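Novice: Got a structure here, written out as structure tokens. Questions coming.
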Amino acid sequence: MARITRSLEEAIAPIGDGCMLAVPRETSGVAMAATRALVRRGIKRLHLVALPTSTLQADLLIGAGCIGTLETSAVSLGEFGPAPRFTAAILDGAIRMRDATCPALHAQFQAAEKGVPFMPLRGLIGSDLLTQRTDWKVVDNPFGDNDPIVLLPALKPDVALFHAPLADRDGNVYIGKERELVTMAHAAQRTIVTVEEVHDTNLLRDPLFVAGTLPGFYVEAVAVERCGAWPLPLPDRYGIDAAHIAEYARLAATPEGFAQYLDRYVYEKRAA
Amino acid sequence: MKSAQPEEFRDEELLADVICRLIGDARHIAVGNASPIPATAALLARESGASKPYVSLLGSAHTFFTDGARELFDCAGQGRVDVFFLSGGQIDGEGNINLVNIGDYEKPKVRFPGSFGSAYLYYVVPRVILFRVEHSRRTLVPKVDFISAPGGSPGNVDRPGGPIALITNRCLFDFDRARRRFRLVSVHPGHSVEEIIEHTGFAFDKPAQVPLTPAPSADTLRLMRGVVAPMLAEVYPEFARRVFGYVGTRRGDRDAAS
């Protein structure tokens, strides 16, 4: 069952080299402090699954040489332009890319959540994604007549990692309306969460919180990390640090600049 | 819609007005991230039309979704998204869009962010409007290098949705789904048919006389600048300032204060 760890490093200890790690999109609560800690630890060969897209988190991990395989629908810095380290790694063939489309990833997590081997999805037929993704299969709808449909295999990550506003002392985590975090936790073997703060009463007993709460039953470890999504936003708590992302985009444009970024913001632990 | 005195307007205002008229009647318009001009058009459609559609600006607080990141796709699969916008690093004459790479997939020359939800939404949303400001032979190509999502599908593929039009900085095309071909509808003020042919990498149909894209009316401009701009500023403060000169309360400032 979930426990509140004494340190961030202790919470993320189960994330080892070669781990299949599931993380959410930029606006749902990205565990950036934990991501920087993984980079400091020098983690290698991650199979990162970003549900369904990523921004700074994937770019930072790629640039720092932590990624072996990336499975997602898109990586960019949003309005700050292309993700420079992602782009360079693809052009150099430095990472293995498994291109997806957003609802396919959602469906694959939902299959794992339900304990079924696959999920069907409309669309996709005629897309080159289907040519690249040999693990996605077209079958004839058994309930239809000459109705091809795509089946997507269940995706069961080793670890799901995200940042949320609150957890209580029993490890129940308030995720609000970011419901795909619940699906991620259901699908993953283990779930590790960082939170802004600890809530003193049990979230499951509070009618205002319970519907937006991931039960501690699904959670392995919780670490308290103020501004743990910084410089990315946390819903209803804080917005994106636009100046910082702009600085990242500028520095990460070159390997030398990216190394400076790491020295300045990752290896030197930022005072909260 | 006609104003007595033609008013000065910006390119962004013309494009938003064209898109707004394409949207027509709708119950729910969804707009992807980082799409300020389609967002302007969708809000304009809501404020000017009779149908008062729901407008979901993805990646912002301006959605009604409570079921996480998947709800948009489930909603579209249920037939509850009428209009969506897509773009492409490359778009070809059959309406195929490429959001992945130029060159060979294994050894690309250029890499784009990725397909996002296109390989699904292009099939299930009835009215997909393609929007690509840069109209050049680099973006509008004979054949895309990677099909993120095809413009059309064989008859046995379940596909209620697809492209209805393509808007660029130079012109408006509509799309004939049966023939999988674009047709030039109108040329924006200051541009010409010859110029469109020169800068388009694919063949397209055109009428003998190609009309000029009508300028936004004074009423439309008033609505855009007075009513839409403040709403837009909550999601796209920089765009609202640059295009409409609107400087208001920024969402980020509010968040920081709370």
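Novice: Give the span of the stretch A:1-147's Cα atoms along each principal axis, as three whole-Å numbers ordered largest to smallest.
Specialist: Principal-axis extents of the Cα atoms in the stretch A:1-147, largest first: 57, 42, 27 Å.
Novice: Principal axes first, then extents: for the Cα atoms of the stretch B:44-188, list largest minus smallest coordinate on each axis, whole Å, largest first.
Specialist: Cα spread of the stretch B:44-188 along its principal axes, largest to smallest: 40, 37, 33 Å.
Novice: Per-residue Cβ counts within 10 Å, from other chains only, averaged over B:152-161: what number is that? It would help to have the intermediate numbers written out before the result.
Specialist: Details: counts 1, 5, 3, 1, 7, 9, 8, 4, 1, 2.
For this peptide, the per-residue mean of nearby foreign Cβ atoms is 4.
Novice: Checking the a/c ratio against 1.5 first, then a/b against b/c, what shape does the Cα gyration tensor give for chain A? Please list the in-between numbers first.
Specialist: Values: a/c = 1.90, a/b = 1.13, b/c = 1.68.
In terms of gyration-tensor shape, oblate.
Novice: Can you list residues whose amide H is under 5 Å from residue A:195's amide H, if they're 5+ apart or on another chain and H is modeled 1.01 Å from N?
Specialist: A:164, A:223, A:224, A:225
Novice: In nm, give the distance between the simple-model label positions of residue A:44 and residue B:174, each being 7 Å from the Cα along the Cα-to-Cβ direction.
Specialist: With each label placed 7 Å out from Cα toward Cβ, I get 6.0 nm.
Novice: Over the whole of A:171-179, what's the average partner chain Cβ count within 10 Å per residue? Rounded to a whole number, please. It would help to have the intermediate numbers written out before the result.
Specialist: Values: counts 0, 0, 0, 0, 1, 2, 6, 4, 7.
That average works out to 2.
Novice: Next question, about the same structure. Give the long-range amide H neighbours of residue A:213: residues separated by 5 or more places, or on another chain, with amide H under 5 Å away, using H modelled in the peptide plane at 1.01 Å from N.
Specialist: Close amide H contacts, sequence-distant or interchain: A:175.
Novice: Do me a favour and compute the ellipsoid semi-axes for chain B from its Cα gyration tensor, root of five times each eigenvalue, largest one first, whole Å.
Specialist: Working: eigenvalues 156, 117, 64 Å².
In descending order, the three semi-axes are 28, 24, 18 Å.
Novice: Next question. For the stretch B:1-120, take the alpha-carbon Rg, divide it by the Kirkwood Rh, and send me Rg/Rh. Provide the component values of the computation, followed by the final result.
Specialist: Details: Rg = 16.8 Å, Rh = 16.3 Å.
Rounded to two decimals, Rg/Rh equals 1.03.
Novice: Can you tell me the order of A:23-34, A:112-123 when each peptide is scored by its average per-residue count of other Cβ atoms within 10 angstrom, highest first? Display every interim value, and only then the final one.
Specialist: Values: A:23-34: 25.5, A:112-123: 17.2.
Packing proxy ranking, top to bottom: A:23-34, A:112-123.
Novice: Can I ask one more? Return the Cα extents of the stretch A:99-194 along principal axes one, two and three, sorted largest first, each rounded to a whole Å.
Specialist: Here the spans come out as 54, 27, 23 Å, largest first.
Novice: When the expected Rg is taken as 2.2 N^0.38 Å, what fraction or multiple of it is the alpha-carbon Rg of the stretch A:192-253?
Specialist: Working: Rg = 15.5 Å, N = 62, 2.2 N^0.38 = 10.6 Å.
The stretch A:192-253 yields a ratio of 1.47.
Novice: To the nearest whole number, what is the average tally of beta carbon atoms from other chains within 10 Å of the beta carbons of peptide A:95-101? Walk me through the intermediate numbers first.
Specialist: Values: counts 0, 0, 7, 0, 9, 4, 13.
Per-residue shielding by partner chains comes out at 5.
Novice: Still on this structure, please answer the following. Could you tell me the relative contact order of the stretch B:11-257? Use alpha-carbon pairs under 8 Å, at least six residues apart, and round to a whole percent.
Specialist: Values: 484 pairs, mean separation 43.1, N = 247.
The value is 17 percent.
Novice: Based on the Cβ-Cβ distance of residue A:140 and residue A:244, what FRET efficiency does E = 1/(1 + (r/R0)^6) give at R0 = 56 Å, to the nearest 0.05?
Specialist: 0.65
Novice: Also: If you look at just the Cα atoms of the stretch A:102-153, how large are its Rg and its Dmax in Å?
Specialist: Rg and Dmax of the stretch A:102-153, Cα atoms, are 10.9, 29 Å.
Novice: Any number yet on Rg/Rh for the stretch A:60-126, C-alpha, Kirkwood?
Specialist: Details: Rg = 14.5 Å, Rh = 13.7 Å.
Rg/Rh: 1.05.
Novice: Where Rh is the Kirkwood radius over the Cα pairs of the stretch A:122-272, the temperature 10 °C and the viscosity 1.306 mPa s, what D in µm²/s does Stokes-Einstein return? List each step's numbers first, then the result.
Specialist: Working: Rh = 18.8 Å.
The Stokes-Einstein estimate is 85 µm²/s.
Novice: Using the reciprocal of the averaged 1/r over all distinct C-alpha pairs, how large is the Kirkwood radius of the protein assembly as shown in Å? Numbers along the way, then the final one.
Specialist: Numbers: mean 1/r = 0.0415 Å⁻¹.
Computed over the protein assembly as shown, the radius equals 24.1 Å.
Novice: Next question, about the same structure. So which residue, out of B:98, B:33, B:169, gets the largest mean-square fluctuation from a GNM of chain B using Cα contacts under 10 Å as springs?
Specialist: B:33
Just so you know, all these numbers are worked out from the coordinates, no wet-lab data involved. Nothing here was measured: the structure is a model prediction, and the numbers come from that model. Glycine gets a Cβ as well: all are built from the backbone with ideal geometry, and neighbour counts include every protein chain shown.
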